[in-house]
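Chemist: To start, I am sharing the structure in question, which I have written as structure tokens.
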Amino acid sequence: MEVAKWHFTHESEEDRLWYGIFFSMCKKFNVSWATASPTQKAFIEEITRVNYERELAKREPSSRPVRGFFDESVSA
């Protein structure tokens, strides 16, 4: 029980940001992760990543540029 408690009380600000975005994207696009298709999961993961990196860039102006949706390289 103590191990589980630690996992729920020791998440970082970045973890909270990531999961907040992740769950809001699932809700926005009406995707249930447990029953989502591989395509739906890839979409949610990618849109979460982009929004997460954008949010980090707002908070840390010196951070690296954000890679676009499904791009191999960084977008302008």
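To keep it simple, each residue is scored yes or no on (1) in contact with a helix residue (DSSP H, G or I) (Cβ under 8 Å, 6 or more places away or on another chain); (2) modelled with pLDDT under 95; (3) surrounded by 10 or more Cβ atoms within 10 Å (Cβ to Cβ).
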residue	(1), (2), (3)
VAL3	no, yes, no
HIS7	no, yes, no
GLU14	yes, yes, yes
LEU17	yes, yes, yes
SER24	no, no, yes
PHE29	yes, no, yes
ALA34	no, no, no
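Chemist: Take segment 36-60 and flag every residue that is surrounded by 14 or more Cβ atoms within 10 Å (Cβ to Cβ) and not in a helix (DSSP H, G or I).
Modeler: ALA36
Chemist: Tell me which residues, restricted to segment 30-54, are hydrophobic (A, V, I, L, M, F, W, C) and without any contact (Cβ under 8 Å) to a residue 12 or more places away in the chain.
Modeler: TRP33, ALA34, ALA36, ALA42
The values are calculated or read from the model by the stated rules, or taken from the named source; none is laboratory data. These figures come from a predicted structure and were not determined experimentally. Using ideal geometry, Cβ is built from the backbone for each residue, glycine included, and neighbour counts are taken over all protein chains shown.
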